[in-house]
1. Restricting attention to the stretch A:63-110, which residues are assigned to a helix (DSSP H, G or I), within 14 Å of DNA strand C (Cβ to nearest atom) and surrounded by 18 or more Cβ atoms within 10 Å (Cβ to Cβ)?
2. Working only within the stretch B:66-101, note down all residues that are closer than 24 Å to residue B:117 by Cα and within 11 Å of DNA strand D (Cβ to nearest atom).
3. Would you confirm, using the coordinates I've provided, whether residue A:132 is closer than 30 Å to residue B:139 by Cβ and more than 10 Å from chain B (Cβ to nearest Cβ)?
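Rule-based calculations on the coordinates, nothing more; no lab input. These numbers come from a predicted model, not from an experiment. Methodologically, a virtual Cβ is constructed for each residue, glycine included, from the backbone with ideal geometry; neighbour enumeration extends over all protein chains shown.
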DNA sequence: GAATAATATTTGTCAAGGCAAATATATTCT
DNA sequence: AGAATATATTTGCCTTGACAAATATTATTC
């Protein structure tokens, strides 16, 4: 279709486009795995629970920064996740403005159900790369991230 | 901060998280470049115009698929971009259901203003990689994308 | 060739995130 | 100490995108 532009249409995607595509496939794959495992969580909620499980309790704003989510959006996600009994808002001991967000036992159980999903998706994504290439990919991505962040 | 979990917090990001971070930095950087060049476009609108400029006129649904945007969302983006005079909806010659979306001269001029922004961002992102590494990064990302899409 | 299925576009509805304002508390400066 | 500033959380408002339904047209099947 539209053969008159085929010479132009076959140009390779830029790194930027490629990264966007990979990201959306990763999100899609993870949400599919979660659903297939009976875990009713969206990608953002998965990230929040994962962060709490891996890094331990923290304030809502620390959590928001660490998953790159807006503070207001975080409040609403916490409302939902707390309403479902997956986490708790406790008072912060040193700072009365802040909260200490912590997983409940149910939240931890849920995390244990999701972590195999995460592993499967990452494994599937990297199945065409050997160990050396995986390390290189990570290294390149880290360098790209640093370059973008240091752009002064 | 939160020294009681430092041993866990210093774990490396997964490839998944890393790709998400790179993507959001790329979007941020591109939108900043556009704004600095006086081009009032969001990332999605940039993608649409770029696609039309590079691949030529196409139907709305082809365009939607090629930038991974929902059809309904595309209709509204086209409303906006057409309203600003950047593109036109023409009748499709072979298919009376469909449209032929094409850039206006203003759309083309705008594209010429944005393409240096795109180039600067991609160059900045890859400045810490040499030519070989850039090719490898692209190759790895393509293989990851294929692996995710072929997961049967 | 009529019936059925598929596709293109549009519109309505909803969920999610960004931004800004409001409030409460901490921190810094003088 | 007191004032000014910064940060944490919440809420309201707005934009965007996904999903589903509606309509128009094309493609396929019987």
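1. Matches in the stretch A:63-110: A:63, A:64, A:74, A:77, A:78, A:81.
2. Listed by number, the residues that qualify are B:67, B:68, B:69, B:74, B:77, B:78, B:80, B:81.
3. Working: closer than 30 Å to residue B:139 by Cβ: yes; more than 10 Å from chain B (Cβ to nearest Cβ): yes.
Against the criterion (closer than 30 Å to residue B:139 by Cβ and more than 10 Å from chain B (Cβ to nearest Cβ)), residue A:132 qualifies.
So that you can scan it fast, the table gives a plain yes or no per residue for (1) closer than 24 Å to residue A:105 by Cα; (2) within 13 Å of DNA strand C (Cβ to nearest atom); (3) more than 9 Å from chain B (Cβ to nearest Cβ):
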position: A:17; (1), (2), (3): no, no, no
position: A:21; (1), (2), (3): no, no, no
position: A:30; (1), (2), (3): yes, no, no
position: A:35; (1), (2), (3): yes, no, yes
position: A:41; (1), (2), (3): yes, yes, yes
position: A:46; (1), (2), (3): yes, yes, yes
position: A:52; (1), (2), (3): yes, no, yes
